[in-house]
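Below you'll find the structure, written out as structure tokens, and then a few comments.
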Amino acid sequence: ANPTELDQPGGPVTFTVEVTNTSTVDTVTINSLTDDIYGNIANPANPSLVSTTCVVPQVLAVGASYTCSFVAQVTGALGLKTDVVTASGTDDDGAPVDRVADGCDRCYASRNRRLSFGFVGDVMHRA
């Protein structure tokens with residue numbers, strides 16, 4: 001997140017998301033990118049976002065990555081705020097793949113159809 005710290009009352013923060021297809025066999029199509037606080041980060045009409053460069057679907061060849069960012073207002077209670085983004089989609093056989101940015105792997109396909117996910121969503125909101 002940029003910035004990683006905000007004074008009260010808060011303000012805009014840019015979050016960067018990277019999804020990588022770590023499969024050695026399958027192409028993966030990302031159909032959704034969802035933040036647990038801000039919702040659909042690939043929807044430019046999402047009222048929770050200031051702006052977004054995230055677009056779906058994204059087709060990722062073996063080893064390919066997709067990077068995008070979104071800007072959202074961080075306000076409310078003081079303290080550490082942590083976002084969790086989930087990337088979901090299918091492999092080229094139609095099997096679902098899903099990866100949560102907090103490191104919890106929920107990939108429903110075989111070990112050859114995996115996503116790697118990079119996301120820093122921690123922001124300190126201070127007085």
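Results, tabulated for the structure shown:
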{"item": "Flag if ALA72 is modelled with pLDDT under 95, exposed (fewer than 13 other Cβ atoms within 10 Å of the Cβ) and of a type in the set (Gly, Ala, Ser)", "result": "no"}
{"item": "When residues of the range 85-111 are limited to those that are modelled with pLDDT of 80 or more and in contact with a Gly (Cβ under 9 Å, 6 or more places away or on another chain), the one most open to solvent (accessible area, probe 1.4 Å)", "result": "PRO96"}
{"item": "Filtered residues of the range 62-96 (kept if of a type in the set (Gly, Ala, Ser) and more than 21 Å from ALA42 (Cα to Cα))", "result": "GLY63, GLY76, ALA77, GLY79, GLY94, ALA95"}
{"item": "Positions within the range 43-54 being part of a loop (DSSP other than H, G, I, E, B) and either open to solvent by less than 80 Å² (accessible area, probe 1.4 Å) or of a type outside the set (Val, Ile, Thr) (or both), in sequence order", "result": "ASN43, PRO44, ALA45, ASN46, PRO47, SER48, CYS54"}
{"item": "Matching residues, the range 1-24, being charged (D, E, K, R) and within 20 Å of THR52 (Cβ to Cβ)", "result": "GLU18"}
{"item": "Number of the exception - ASP35 against (1) among the acidic types (Asp, Glu); (2) over 20 Å from PRO3 (Cα atoms); (3) at pLDDT 85 or above", "result": "(2)"}
{"item": "Tabulated pairs, the range 33-58, first among the charged types (D, E, K, R), second in a strand (DSSP E or B), C-beta under 7 angstrom, 6+ apart or interchain", "result": "ASP35/VAL85"}
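Listed here are the residues, each with its yes/no results for (1) within 14 Å of THR82 (Cα to Cα); (2) of a type outside the set (D, E, K, R); (3) open to solvent by less than 20 Å² (accessible area, probe 1.4 Å).
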| residue | (1), (2), (3) |
| --- | --- |
| ASP7 | no, no, no |
| GLU18 | no, no, no |
| ASN21 | no, yes, yes |
| THR29 | no, yes, no |
| ILE41 | no, yes, yes |
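The values are calculated or read from the model by the stated rules, or taken from the named source; none is laboratory data. All values reported here derive from a predicted model rather than from experimental measurement. Cβ: placed from backbone, ideal geometry, glycine included. Neighbour counts: every protein chain shown. Accessible surface areas use protein heavy atoms only, side chains included; no ligands, DNA or RNA. Shrake-Rupley method; radii C 1.70, N 1.55, O 1.52, S 1.80 Å.
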